[in-house]
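Asks: First, the structure itself, so that you have it in front of you.
The values are calculated or read from the model by the stated rules, or taken from the named source; none is laboratory data. What you see is a predicted model; the values in this text were computed from it and never measured. Note: ideal-geometry Cβ built from the backbone for every residue, glycine included; neighbour counts use all protein chains shown. The accessibility values were calculated without ligands, DNA or RNA, using every heavy atom of the protein model including side chains. Shrake-Rupley method; radii C 1.70, N 1.55, O 1.52, S 1.80 Å.
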Amino acid sequence: MRALVESGRSEHAAYTVAAVISDKPNAGGLEVAASLGIPTRAFPAAKGMERAAYDAALAHIIEEYSPSLIALAGFMRILSPEFVARFAGKILNIHPSLLPKYAGLHTHQRALDARESEHGVTVHFVSEQLDGGPRVLQSRVPVLPGVTEAALSERVLTQEHIVYPLAVNWFCQGRLRWADGKAWLDGNVLQQPLQLAELEREISE
């Protein structure tokens, strides 16, 4: 979240962060956002509140800010189909694995347990399927011998801070969009997610 805010304040950014909303009143991100001058809202679910009812109320709060895009960052609630449909094509998420591998939780340990040679992060559009929406951008990191889960997590987090602002900027520039259940960039459907290393290689050439 901090990376998105700070990147949005750079000279060439196509977006600014309108608000930070959390379902956890004690979320550290709310304090960070407030310190950066970003409006914040905490909206915890009432005891026994059904998911659809919560999501409808959350959608109403979000619409008060008229955002072009919703960027999930550490938001761990599973969104209802109704919420996803209401903002179809306008929700991005970042997931700490090379999707479709390791959807869900504990991705770093699962990659280590599987003895993967590489791990990474994926930015994707949100669909009704958990971590299953069209993938936009990935960054890969090698899994070094003897690396701990914490160390691997930190390496992936560094890449998250690069790829997420980049994808958000593409969307707000009008370059990235969702159509026909697919991700499109510059008018071309993304059959596979773009790879950060390849983009950086093209720039250097």
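Asks: Can you give me the accessible area per residue for the chain, using a 1.4 Å probe, in Å²?
Replies: Using a 1.4 Å probe on heavy atoms only, each residue of the chain averages 55 Å².
Asks: Quantify, in whole percent, the carbon and sulfur part of the accessible surface of region 59-168 (1.4 Å probe; protein heavy atoms only).
Replies: Values: 2860 of 5290 Å².
With neighbouring chains kept in place, the figure for region 59-168 is 54 percent.
Asks: Using a cut-off of under 19 Å, list every residue of region 86-107 whose amide N is near the label point 7 Å from the Cα of Ala59 along the Cα-to-beta-carbon line.
Replies: 86-93
Asks: At what distance in nm do the modelled label points of Lys47 and Ile162 sit from each other, each positioned 7 Å from its Cα along Cα→Cβ?
Replies: 4.7
Asks: Could you give me the ³J(HN,Hα) list for region 111-120, computed from phi with Karplus coefficients 6.51, -1.76, 1.60 and θ = phi - 60°, whole Hz, x at Gly and Pro?
Replies: Computed from phi, the couplings for region 111-120 are 5, 5, 4, 7, 6, 5, 8, 8, 9, x Hz.
Asks: Let me ask another. Using unit Cβ charges (K, R positive; D, E negative) and no other charged atoms, how large, in debye to the nearest 20, is the dipole of region 101-181 about its Cα centre?
Replies: Around 220 debye, computed over region 101-181.
Asks: Mind checking which of Leu30, Val121, Ile162 is farthest towards the positive end of the chain's charge dipole, using Cβ charges of +1 (Lys, Arg) and -1 (Asp, Glu) about the Cα centre?
Replies: Checking the options against the dipole of the chain, the answer is Leu30.
Asks: Taking amide H positions as placed 1.01 Å from N in the peptide plane, with prolines and chain starts having none, which residues 5 or more places from Ile70, or on another chain, fall under 5 Å of its amide H?
Replies: For Ile70, the qualifying residues are Ile91, Leu92.
Asks: Could you bin all the Cα-Cα distances of region 69-205 into 10 Å bins starting at 0 and give me the percent of pairs in each, rounded to whole numbers?
Replies: 12, 43, 33, 11, 1
Asks: Sort the following peptides by mean Cβ neighbour count (other Cβ atoms within 10 Å, averaged over residues), highest first: 144-150, 87-93, 65-71. Intermediate values should be presented prior to the final figure.
Replies: Values: 144-150: 10.4, 87-93: 19.0, 65-71: 14.9.
Going by the mean number of other Cβ atoms within 10 Å, highest first, we get 87-93, 65-71, 144-150.
Asks: Could you go through region 152-167 in sequence order and give the Karplus-derived ³J(HN,Hα) for each residue, using 6.51 cos²θ - 1.76 cosθ + 1.60 with θ = phi - 60°, rounded to whole Hz, and x for Gly and Pro?
Replies: 5, 4, 5, 5, 5, 4, 4, 6, 4, 5, 8, 6, 5, x, 5, 5
Asks: Any idea how far apart Trp184 and Ala151 come out in nm if each label point goes 7 Å out from Cα toward Cβ?
Replies: 4.5
Asks: With charges set only on the Cβ (+1 for Lys and Arg, -1 for Asp and Glu), what does the dipole of region 152-203 come to about its Cα centre, in debye to the nearest 20?
Replies: With Lys and Arg at +1 and Asp and Glu at -1, about 140 debye.
Asks: Would you mind working out the magnitude of the charge dipole of the chain relative to its Cα centre, with +1 at each Lys and Arg C-beta and -1 at each Asp and Glu C-beta, to the nearest 20 Debye?
Replies: Dipole magnitude for the chain comes out near 260 debye.
Asks: Among bridges DSSP assigns within the chain, what percent are antiparallel (round to 5)?
Replies: The answer is about 70 percent antiparallel.
Asks: On to the next question. Under 5 Å between amide H atoms, partner at least 5 residues away or on a different chain: which partners does Val141 have, H built in plane at 1.01 Å?
Replies: His119, Gly120
Asks: Collect residues whose amide H, placed 1.01 Å from N in the peptide plane, falls under 5 Å from the amide H of Thr40; neighbours closer than 5 in sequence don't count.
Replies: Residues meeting the criterion, in which the H sits 1.01 Å from N, are Val20.
Asks: How many Å³ per residue does the convex hull of the Cα positions in region 119-164 occupy?
Replies: Enclosed volume per residue, from the Cα hull, is 75 Å³.
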